[in-house]
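Below is one structure, written out as structure tokens; comments come after it.
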Amino acid sequence: MEKSKVAVRYFSKSGNTKKLADEIAKAVGCKAEQIPAPVSSRVDILFLGASVYWGGISSEVKDYIQTLNKDSIGKVVVFSTSALAERAFPQMLKKLQSCGIQVESRNFYCRGEFTALHKGRPNQEDLNAAGKFAAEMIAELH
């Protein structure tokens, strides 16, 4: 059976989502790249990470999603962090689906540190869980 082609892209203002992206990339054997790095060839699975800032995903993530070619991506798996708001998944799901891109219904989320809130998050336990989630997604979606 052929190995899945996988890419990891993320947007991170504080570094919280970057930590998850790096761990996910390590687990699936590729390099995490920050938005706006393009997906330049066909991928079976794109792990796409973001956070919620002031109640919404950033304009950078919204704009990036618009650049994705639905014919070059088999499925997107969302991961996210936030300090106060809920996960970024519902907003990203809606935006991705409006572009005709398939989105995995399962997503990974953990709290992220912001000022005095959630100190040390994502922590090692969160990172381990993100890596495990990514490896399971690859095994199941391949």
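Overview of values
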| read-out | value |
| --- | --- |
| Selected residue (criterion: farthest from Leu141 (Cα to Cα)) from residues of the stretch 46-98 that are among the basic types (Lys, Arg) and assigned to a helix (DSSP H, G or I) | Lys62 |
| Qualifying residue in the stretch 110-122 (condition: hydrophobic (A, V, I, L, M, F, W, C), at pLDDT 95 or above and either out of contact with any Cys (no Cβ under 7 Å at 6 or more places or on another chain) or open to solvent by less than 50 Å² (accessible area, probe 1.4 Å) (or both)) | no |
| Any pair with Cβ under 7 angstrom, 6 or more apart, that starts in the stretch 58-82 at a residue that is in contact (Cβ under 8 Å) with a residue 60 or more places away in the chain and ends at one that is in a helix (DSSP H, G or I) and open to solvent by 10 Å² or more (accessible area, probe 1.4 Å) | Lys75/Leu141; Ser80/Phe89; Thr81/Asn16 |
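The values are calculated or read from the model by the stated rules, or taken from the named source; none is laboratory data. From a predicted model like this one, the values you see are computed outputs, not experimental measurements. As a convention, Cβ positions derive from the backbone with ideal geometry for all residues, glycine included, and neighbour counts pool all protein chains shown. Accessible surface is based on the protein model in full, side chains and every heavy atom, while ligands, DNA and RNA are left aside. Shrake-Rupley method; radii C 1.70, N 1.55, O 1.52, S 1.80 Å.
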